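Here is the structure we will look at, set down as structure tokens.
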Amino acid sequence: MNNRSLLAGAFAALLAMPAATLAQKYPAKPVRVVLPFTAASAVDVLGRLYAQKMSETWGQQVLVDNRTGAAGIIGMEAIARATPDGYTLGMGNAATLALNPHLYQKLPYDVVRDYVPISLAAIIRNCLVVHPSLPARSVKELIALAKARPGQLNYASGGVGSAQHVPMEMLKAMAGINIVHVPYKGLTPAFNDVLAGEVPMIMPGLVSVLPFHQSGRLRIIATTGATRTSVTPEIPTVAQAGVPGYEFDSWTGFLAPAGTPPAIVTQINAEVVRIGNLPETRERLTALGFDIVGGSSEAFTAVIRDNNTRLGKVIREAGIKGE
């Protein structure tokens with residue numbers, strides 16, 4: 001057999017090789033994970049843990065790249081514009097994938113067109129938090145107080161259209177109450193003023209408020225998911241506590257730029273799910289207030305689609321516009 005025949009045979013064998021086999025060679029160089037969130041934020045902590053575990057498995061560095069600013073828009077655009085070869089991944093959340101498309105008329109990314117959802121990673125339950133000075137120890141008591149004092153109670157948020165603003169407006173609409181929104185330039189100053197008793201309530205992620213609830217400096221009266229969280233199983237959901245049908249979760253998951261080979265997406269999905277099932281991952285992240293979730297690309301796509309539909313309706317009816 002001459003050299004030409006050998007080359008032709010090798011090429012034919014390569015073409016016949018299934019895509020999954022080719023993907024086994026991935027990754028052959030360092031991988032970048034773009035986070036549209038600040039360092040030390042809840043999603044950053046989660047993303048760095050997953051990146052570390054991926055590095056250990058793949059034998060390649062998985063580097064976190066925080067691209068912050070403009071309500072996550074800068075980072076999301078960087079993910080969308082990256083070469084779709086599996087070497088740039090990203091993380092998106094409820095704010096960037098379900099709120100922003102309804103808050104801003106022109107985004108430099110399209111949630112449906114520009115990304116391949118890889119896997120949901122975790123849910124960060126929001127929670128309804130009050131300062132201990134507020135005479136309300138339950139959702140029903142808070143609603144009664146708000147109805148007795150319409151327009152006299154305030155709540156803080158990290159800004160117009162934020163993941164604290166939208167769920168609180170949903171609660172107001174569903175409960176028929178009038179509580180005044182006090183927007184801040186970021187969650188930290190908003191949270192600090194609630195902690196100081198300057199504003200009586202806020203609806204942040206459970207991750208940020210849990211230590212203050214445990215110390216008695218703030219009071220969580222309900223969580224916002226469809227079910228109670230394993231982190232605080234003793235605390236009812238808003239729906240259970242008096243507002244049937246209420247549901248809002250801050251979730252986050254892994255994405256790839258549209259056009260990333262399906263075999264590579266499948267491989268990354270398997271790794272994300274594997275990491276989420278590790279006992280040490282669950283122990284560490286559950287202690288911080290995360291509910292760990294892993295699943296298929298299709299399941300994550302369905303979460304994004306459902307949240308876009310539900311939260312888009314809330315934003316339109318409340319007349320919220322991004323700043």
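If I filter the stretch 261-320 down to residues being assigned to a loop (DSSP other than H, G, I, E, B) and at pLDDT 95 or above, which single residue comes out as surrounded by the most Cβ atoms within 10 Å (Cβ to Cβ)? Walk me through how you get there before you give the answer.
Residues of the stretch 261-320 that are assigned to a loop (DSSP other than H, G, I, E, B), as a first pass: 261, 278, 288-289, 293-296, 319-320.
Add one more test, that the residue is at pLDDT 95 or above, and what stays is 261, 278, 296.
On the way: 261: 17, 278: 13, 296: 15.
Among those residues, the one meeting the criterion is 261.
If residue 137 satisfies every condition in (1) more than 22 Å from residue 317 (Cα to Cα); (2) free of Cβ contacts under 8 Å to residues at least 60 places away in the same chain but one, which is the exception?
Result: residue 137 passes all but (2).
Just to check your reading of the model, which residue among 117, 183, 108, 167 is at negative phi and open to solvent by 50 Å² or more (accessible area, probe 1.4 Å)? If you could, list the steps in order and put the result at the bottom.
On the way: 117 fails: open to solvent by 50 Å² or more (accessible area, probe 1.4 Å); 108 fails: open to solvent by 50 Å² or more (accessible area, probe 1.4 Å); 167 fails: open to solvent by 50 Å² or more (accessible area, probe 1.4 Å).
Unique residue meeting the criteria: 183.
Return the pairs, sorted by first residue and then second, in which the second residue is in a helix (DSSP H, G or I), the first residue lies in the stretch 98-109 and is over 23 Å from residue 248 (Cα atoms), the beta carbons are less than 6 Å apart, and the residues are 6+ apart or on different chains.
Close Cβ pairs satisfying both conditions: 108/77; 109/76; 109/77; 109/80.
Tell me, which residue of the stretch 153-201 that is in contact (Cβ under 8 Å) with a residue 40 or more places away in the chain and among the polar types (S, T, N, Q) is nearest to residue 138 (Cα to Cα)?
So the residue we want is 154.
Within the stretch 249-260, can you find the residues that are β-branched (Val, Ile, Thr) and in a strand (DSSP E or B)? Don't jump to the end; show me each part of the working.
Looking only at the stretch 249-260, we keep the residues that are β-branched (Val, Ile, Thr), and these are 252, 260.
Across the stretch 249-260, the qualifying residue is only 252.
Go through (1) modelled with pLDDT under 95; (2) among the aliphatic types (A, V, I, L, M); (3) under 14 Å from residue 167 (Cβ atoms) and name the single condition residue 207 misses.
(3)
Looking for whichever is under 30 Å from residue 262 (Cα atoms) and open to solvent by 10 Å² or more (accessible area, probe 1.4 Å) here; the options are 124, 79. Which one fits? If you could, list the steps in order and put the result at the bottom.
Details: 79 fails: open to solvent by 10 Å² or more (accessible area, probe 1.4 Å).
Selected residue: 124, the only one of 124, 79 that is under 30 Å from residue 262 (Cα atoms) and open to solvent by 10 Å² or more (accessible area, probe 1.4 Å).
Check residue 61 against each of (1) at negative phi; (2) in contact (Cβ under 8 Å) with a residue 40 or more places away in the chain and name the one condition it does not meet.
Just one mismatch for residue 61, condition (2).
Restrict the check to the stretch 126-147 and report whether at least one residue is under 25 Å from residue 284 (Cβ atoms), of a type outside the set (Val, Ile, Thr) and in contact with a Ser or Thr (Cβ under 7 Å, 6 or more places away or on another chain). Give the steps one after another, and end with the answer.
In the first step, residues of the stretch 126-147 are kept if they are under 25 Å from residue 284 (Cβ atoms); the result is 126-127, 129.
So of that shortlist, the ones also of a type outside the set (Val, Ile, Thr) come out as 126-127.
Now drop any that are not in contact with a Ser or Thr (Cβ under 7 Å, 6 or more places away or on another chain), which leaves 126-127.
Yes: the stretch 126-147 contains one or more residues that are under 25 Å from residue 284 (Cβ atoms), of a type outside the set (Val, Ile, Thr) and in contact with a Ser or Thr (Cβ under 7 Å, 6 or more places away or on another chain).
Looking only at residues that are among the aliphatic types (A, V, I, L, M) and over 24 Å from the mean Cα position of the chain (by Cα) in the stretch 196-217, which one is most open to solvent (accessible area, probe 1.4 Å)? Steps first, please.
Of the stretch 196-217, the ones among the aliphatic types (A, V, I, L, M) are 196, 199, 201-203, 206-207, 209-210.
Retained after the next criterion (residues that are over 24 Å from the mean Cα position of the chain (by Cα)): 196, 199.
Numbers: 196: 68, 199: 8 Å².
Among those that are among the aliphatic types (A, V, I, L, M) and over 24 Å from the mean Cα position of the chain (by Cα), it is 196.
Hey, can you tell me all the residues within the stretch 56-74 that are open to solvent by less than 30 Å² (accessible area, probe 1.4 Å), in a helix (DSSP H, G or I) and in contact with a strand residue (DSSP E or B) (Cβ under 8 Å, 6 or more places away or on another chain)?
The one that is open to solvent by less than 30 Å² (accessible area, probe 1.4 Å), in a helix (DSSP H, G or I) and in contact with a strand residue (DSSP E or B) (Cβ under 8 Å, 6 or more places away or on another chain): 72.
If you check every pair at least six apart or on different chains, which have Cβ atoms under 9 Å apart with a residue in the stretch 221-234 that is without any contact (Cβ under 8 Å) to a residue 24 or more places away in the chain first and a residue that is among the polar types (S, T, N, Q) and crowded, with 18+ Cβ neighbours inside 10 Å second?
Going by the 9 Å Cβ cut-off, the qualifying pairs are 226/237; 227/237; 228/237.
Tell me, please, whether a residue that is over 20 Å from residue 289 (Cβ atoms), open to solvent by 50 Å² or more (accessible area, probe 1.4 Å) and either at pLDDT 95 or above or within 14 Å of the chain's Cα centre (by Cα) (or both) can be found in the stretch 32-41.
Applying the first criterion (over 20 Å from residue 289 (Cβ atoms)) to the stretch 32-41 yields 32-34, 36.
Right, trim to open to solvent by 50 Å² or more (accessible area, probe 1.4 Å) and you get 32.
Filter once more, so that each one left must be either at pLDDT 95 or above or within 14 Å of the chain's Cα centre (by Cα) (or both): 32.
Checked the stretch 32-41: at least one residue is over 20 Å from residue 289 (Cβ atoms), open to solvent by 50 Å² or more (accessible area, probe 1.4 Å) and either at pLDDT 95 or above or within 14 Å of the chain's Cα centre (by Cα) (or both).
The values are calculated or read from the model by the stated rules, or taken from the named source; none is laboratory data. Here the structure is a predicted model, which means the values were calculated and not measured. Cβ coordinates were reconstructed from backbone atoms using ideal geometry, including for glycine residues, and neighbour counts include every protein chain displayed. To get the accessible areas, we keep the full protein, side chains included, count just its heavy atoms, and leave off ligands, DNA and RNA. Shrake-Rupley method; radii C 1.70, N 1.55, O 1.52, S 1.80 Å.
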